[in-house]
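The values are calculated or read from the model by the stated rules, or taken from the named source; none is laboratory data. Since this is a predicted model, take the numbers as computed values, not measurements. Note that each Cβ is placed from the backbone with ideal geometry, even for glycine, and that neighbours are counted across all protein chains shown. Ligands, DNA and RNA are stripped out before the accessible areas are found, and what is left, the full protein with its side chains, is counted by its heavy atoms. Shrake-Rupley method; radii C 1.70, N 1.55, O 1.52, S 1.80 Å.
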Amino acid sequence: AQSVSQHNHHVILSEAASLELGCNYSYGGTVNLFWYVQYPGQHLQLLLKYFSGDPLVKGIKGFEAEFIKSKFSFNLRKPSVQWSDTAEYFCAVSGGSGNTGKLIFGQGTTLQVKP
Amino acid sequence: GAGVSQSPSNKVTEKGKDVELRCDPISGHTALYWYRQSLGQGLEFLIYFQGNSAPDKSGLPSDRFSAERTGGSVSTLTIQRTQQEDSAVYLCASSQGLAGFTDTQYFGPGTRLTVL
């Protein structure tokens, strides 16, 4: 079965620090990869996604992620975080045979940015 | 409406009672998904609808859980004889249902279910 692993459960950074959140998935076939964010008190919303083409994808609010097929990874990065980036971040994957688009989520990473 | 809506926002029930949770997807979205978010299990897929059909029910945890969708729009998730382990936030998402499922799923605010 597909699984998604996020290595960092809780990250604390100061404003302007660089961010990298790790995400690895278990499935070796064709996959679609997503990063979702949940700001305090708000809905889950999409940050960025990859399904084909350039493995470096850019999303909203200055976030980017790189798909490395050989490493089964899709790490999220931001060069300089802001206090407003405080949120929970979820990596997710869909795909495989009989793909129905259902998302398999990682456990999430809580990011706390100190002003 | 502009986004996915869910009702109620909060539901407190007693063990053994039945509950119904409602989802109104974005107009025109053919694909609808139910997930649940709990402390111990994270975010888990429950069921997928394409139109009114449910080709993937693989995430439903037991036969106490069922869901339907009518008119290709509103969906209802029903939990019978609720148990304390059913306590979670139940999330609904909808998408256009594009081939290859590369489209974005838009999530609702969720229903927080507490079973006493």
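Here, P(r) means the percent of Cα pairs in each 5 Å bin from 0 to the largest distance; for the protein assembly as shown it is 1, 7, 14, 18, 18, 17, 12, 8, 3, 1, 0.
Rounded to two decimals, what is the ratio between the C-alpha radius of gyration of the range B:5-98 and 2.2 N^0.38 Å?
Details: Rg = 12.8 Å, N = 94, 2.2 N^0.38 = 12.4 Å.
Scaled against compact globular proteins, the figure is 1.03.
Solvent-accessible surface, computed for protein heavy atoms with a probe of 1.4 Å, shrinks by 30 Å² or more for the following residues of the range B:45-80 when the other protein chains are added to the isolated chain: B:45, B:56.
Computed from the C-beta positions of residue B:81 and residue A:107 and an R0 of 30 Å, the FRET efficiency is 0.55 to the nearest 0.05. Peptides A:10-20, A:103-113, A:63-73 ordered by packing proxy, namely the average of other Cβ atoms within 10 Å per residue, highest first: A:103-113, A:63-73, A:10-20.
Rounded to the nearest 20 debye, what is the charge dipole size of the range B:9-104 about its Cα centre when +1 sits on each Lys and Arg Cβ and -1 on each Asp and Glu Cβ?
Values: 9 positive and 11 negative charges, 30 e Å.
Using Cβ point charges on Lys, Arg, Asp and Glu, the range B:9-104 gives about 140 debye.
At a 1.4 Å probe radius, carbon and sulfur cover how many percent of the accessible area of the range B:5-98? Write out the running numbers ahead of the final one.
On the way: 1870 of 4370 Å².
Carbon and sulfur atoms account for 43 percent of the accessible area of the range B:5-98.
Buried surface for the B/A pair, taken as the accessible area of each chain alone minus that of the pair with a 1.4 Å probe, is close to 1600 Å² in total. About its Cα centre, the range A:4-114 has a charge dipole of approximately 160 debye under the convention of +1 per Lys or Arg Cβ and -1 per Asp or Glu Cβ, with nothing else charged. Ranking A:57, A:84, A:26 by how far each Cα lies toward the positive end of the dipole of chain A (charges on Cβ) leaves A:26 at the top.
Averaged over peptide B:103-115, the number of partner chain Cβ atoms lying within 10 Å of each residue's Cβ comes to 3.
Rolling a 1.4 Å probe over the heavy atoms of the protein chains gives the protein assembly as shown an accessible area of 47 Å² per residue.
Share of carbon and sulfur in the accessible area of chain A stands at 52%, probe radius 1.4 Å. If you bin all the Cα-Cα distances of the range B:1-48 at 10 Å, starting from zero, the percentages per bin are 19, 46, 30, 5. FRET efficiency for the pair residue A:27 and residue B:14, taken as 1/(1 + (r/R0)^6) with r the Cβ-Cβ distance and R0 = 45 Å, rounds to 0.65. With only Cα atoms counted, chain A has Rg and Dmax values of 13.7, 46 Å.
Which pairs, out of A:58/B:57; A:69/B:57; A:78/A:114, put more than 26 Å between their alpha-carbon atoms? All intermediate terms of the calculation are to be shown ahead of the outcome.
Details: A:58/B:57 33 Å; A:69/B:57 29 Å; A:78/A:114 15 Å.
A:58/B:57; A:69/B:57, as the Cα separations exceed 26 Å there.
Each Lys and Arg contributes +1 and each Asp and Glu -1, all at the Cβ; summed about the Cα centre of the protein assembly as shown, the dipole is approximately 60 debye. When B:30, B:78 are compared by accessible surface with a 1.4 Å probe, the order from highest to lowest is B:30, B:78.
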